[in-house]
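Undergrad: Please see the structure below; I have some questions.
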Amino acid sequence: MDIEEDIRALQLDSAEDNNGVVNPENAKLEEVEKSDKMVEVVSDPKEEVQAQPVQTEAKVKDKEVSSVGDKEEEEELNRKRHLNVVFIGHVDAGKSTTGGQILFLSGQVDERTIQKYEKEAKDKSRESWYMAYIMDTNEEERVKGKTVEVGRAYFETETTRFTILDAPGHKSYVPNMISGASQADIGVLVISARKGEFETGYERGGQTREHVQLAKTLGVAKLLVVVNKMDDPTVKWSKERYDEIEGKMIPFLKSSGYNVKKDVLFLPLSGLVGLNMKTRVDKSVCSWWNGPCLFEALDAVEIPLRDPKGPFRMPIIDKFKDMGTVVMGKVESGSVREGDSLLVMPNKVPVKVQAVFIDEDRVKRAGPGENLRIRISGVEEEDIVSGFVLSSVSNPIPAVTEFVAQLQILELLDNAIFTAGYKAVLHIHSIVEECEIVELLQQIDPRTKKPMKKKILFVKNGAVVVCRVQVISSICIEKFSDFPQLGRFTLRTEGKTVAVGKVTGV
C-alpha cells in the first residue's frame, strides 16, 4: 500500500512543520493533491481503472491514518515542553529590550524589521529603544517608552517552546503585571546594573521589590535574576557591581519566600547588544563569568509536571468574536479536544469546543500549561467576562461568594489596622473583584506555624491570619491544596499590594 505510506509520511512531515501539531486541514489538502497526482501520472487507461480502487481504499484507511496521526501528535506535544516566561522588574530596567533581543536572536524577527525600528526610534530621538519596539507594539508605549499592556511573543530553543509575557514595570500598571505573572511558570527578573537605576528599583516603593513579592504569590516558582546593562559605561562588566547587586538581592529574595539555592539563578547580560544571551559571553569582554547564558539557563529550568488527566480548568483572560465566540487562557489542569463539552463557570453555561489553537496553529488536543484560543459554541461573547473559567462538566470548578483564606499582611496603608470590614481589591488568577473581610478567625504564630489560642479583632503589618472573605458576585476559585494556581491571591488597595494569601476553604 504505497499510497497509505505516502499519506502517513505526509502527515508526519506536516506534524514536524507545525511544531509537532498535525493540522487536519493541511493533511487533507495534501492527501487530495497526492491522490490527484497519482491519477495524473498514470497514462494507460487500464492502469487508471486500477488506480481508482486504491484511492478509495486509502480513504477508508483514512481513519486508521488519522489515529496514527493522533498518536504522533501526542508524542510531538509531549516532546517539546511549553513554558510561560514573565519578564518583571522596575520600569526602565530593560525588560522589553531583552525580550526583543531574544526574539531577534531566535530568528523570530528579521534584520529589515529591526532596521525599520531603529529608524523609528531615531526619529523619536530614542536610539536605544529600538529593540523594545519588538515587544511594545502600540503607539502610546513607543512614545512614552513604557510598557502598558502585557506583550506576548513566542520563541523556541532545542527542547522548549516559550511564550514571553513582557509585564509592565511602572507602578500604575501593576494590575496588568499581575495578570501576566499569574499565567507564568518562570520569571525573569530584569535588574539594571547602571549606577543609580538598581538603587531606585530596589528601594522602598521601587517595583523590583513589589514584583518579586507578587511573582512569588502568583506562583512563579523559579526565578532567573538577570543583571542587565552590564555594557553600560558606568558598569563596564564590573564584577564588583554584579556582586554588590547579588549580595543585596539574595536576602530580599529569601525573605520573599524563594529558596535561593534551588529556585533562583543570577546571570549578567546586555539586552541591548545581546551579550550572554544566545551564546556565552566572550572571555575578552567578561573574564570572570563561567556560568550559563540566558538561553541555556531557560532550557535548564525544571518545573513540576501538571496532570493532563485531571479535571479541565482554564481561566479566561480574554474573549473576542471570530466565526463564533473565541476565549483565551492558559490550561491549568486537564486536557481539551475538539468536540468536548465543557461548562463556562460560574454561570454554568454548557458549551461545545469547535476548534483549539496553540499560537496560530489549529490542533486536535492540548494539555496543561498551554496558552490556548478555543472557539466555543453555545454562548455569546458578551456573556463572558475575564475571570470566568472553562471547566469540565463532570467536575466543575466551585463558584462562591465567600471563602476562608490564610493571609499574610505585607504593608497596610498609613498604619491602618486590618479588621473585619476591611475592603480591598482581590486579584486571583484572571479575576479582579472588590472584596471585604467579614471575620478574622485566628492568627497564626509565625514561629510555630500553628494557630494562636487568643481571639483576635485586628492585626497589623507582618501578621499571618485566617479570615473569611466575601465578594459581591460569584467567583470561581479552588482550594490552594487542590489547585495552587487557582487558589492563591493578592489584596491591593489604592495601587499598593497590602496582603498575599491562599484559599483554604470554599
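Undergrad: Among 327-338, 469-480, how do they line up by average Cβ neighbours within 10 Å per residue, starting with the highest?
TA: Those peptides, ordered most packed to least, come out 327-338, 469-480.
Undergrad: Let me ask another. In 5 Å bins starting at 0, how do the alpha-carbon pair distances of segment 282-406 split up by percent?
TA: Pair shares across the bins are 2, 10, 18, 20, 15, 9, 6, 6, 5, 4, 3, 2, 0.
Undergrad: Another question, then. Take K122 and T493, extend 7 Å from each Cα along the Cα→Cβ direction, and tell me the distance between the two endpoints in nm.
TA: Inter-label distance under the simple model: 5.3 nm.
Undergrad: Also, quick follow-up: At a 1.4 Å probe radius, carbon and sulfur cover how many percent of the accessible area of segment 271-350?
TA: 56
Undergrad: Continuing with the same structure: Pick out, in residue order, every one of the trypsin sites (Lys or Arg not before Pro) in segment 191-298 that is DSSP loop and has at most 15 other C-beta atoms within 10 Å; say none if there are none.
TA: Counting only loop positions with at most 15 other Cβ atoms within 10 Å, the trypsin sites (Lys or Arg not before Pro) in segment 191-298 are K195, R204, K236, K283.
Undergrad: Let me ask another. Take peptides 317-323, 421-427 and line them up by average Cβ neighbours within 10 Å, highest first, as a rough protection proxy.
TA: My ranking of the peptides, most packed first, is 421-427, 317-323.
Undergrad: Of K262/K283; K222/K283; K122/K229; K216/K239; K195/K222; K330/K460, which ones are farther than 30 Å apart at the Cα?
TA: Checking Cα-Cα distances, K330/K460 exceed 30 Å.
Undergrad: What is the ratio of the Cα radius of gyration of segment 342-396 to 2.2 N^0.38 Å, with N the residue count, to two decimals?
TA: The value comes to 1.13.
Undergrad: Show me 481-492, 292-303 ranked by packing, highest mean number of other Cβ atoms within 10 Å first.
TA: 481-492, 292-303
Undergrad: Moving to a separate point now. Two decimals is fine: what's Rg over Rh for segment 260-352, C-alpha atoms, Kirkwood radius as Rh?
TA: The Rg/Rh ratio comes out at 1.22.
Undergrad: Working out 0.36 nm times the residue gap between E203 and D383, then minus their Cα-Cα distance, what length gain in nm do you get to one decimal?
TA: 60.5 nm
Undergrad: Of all the accessible heavy-atom surface of segment 413-506, with the other protein chains kept in place and a 1.4 Å probe, what percent is carbon and sulfur?
TA: Percent of accessible area from carbon and sulfur atoms in segment 413-506: 53.
Undergrad: Another question about this same structure. Using only C-alpha atoms and all pairs of different ones, pull out the Kirkwood radius for segment 392-438 in Å with one decimal.
TA: Value: 13.1 Å, from the Cα pair sum.
Undergrad: Using R₀ = 35 Å, calculate the FRET efficiency as 1/(1 + (r/R₀)^6) where r is the Cβ-Cβ separation of E360 and S394; round to 0.05.
TA: Calculated transfer efficiency: 0.65.
Undergrad: Also: Taking a probe of 1.4 Å, how large is the accessible area per residue of segment 358-506, in Å²?
TA: In whole numbers, segment 358-506 has 46 Å² accessible per residue.
The values are calculated or read from the model by the stated rules, or taken from the named source; none is laboratory data. Just so you know, these numbers come straight off a predicted model, no measurement behind them. A quick note on method: Cβ atoms are made from the backbone with ideal geometry, for glycine too, and the neighbour counts reach across all protein chains shown. Remember, those area values only see protein heavy atoms, side chains included, never the ligands or the DNA or RNA. Shrake-Rupley method; radii C 1.70, N 1.55, O 1.52, S 1.80 Å.
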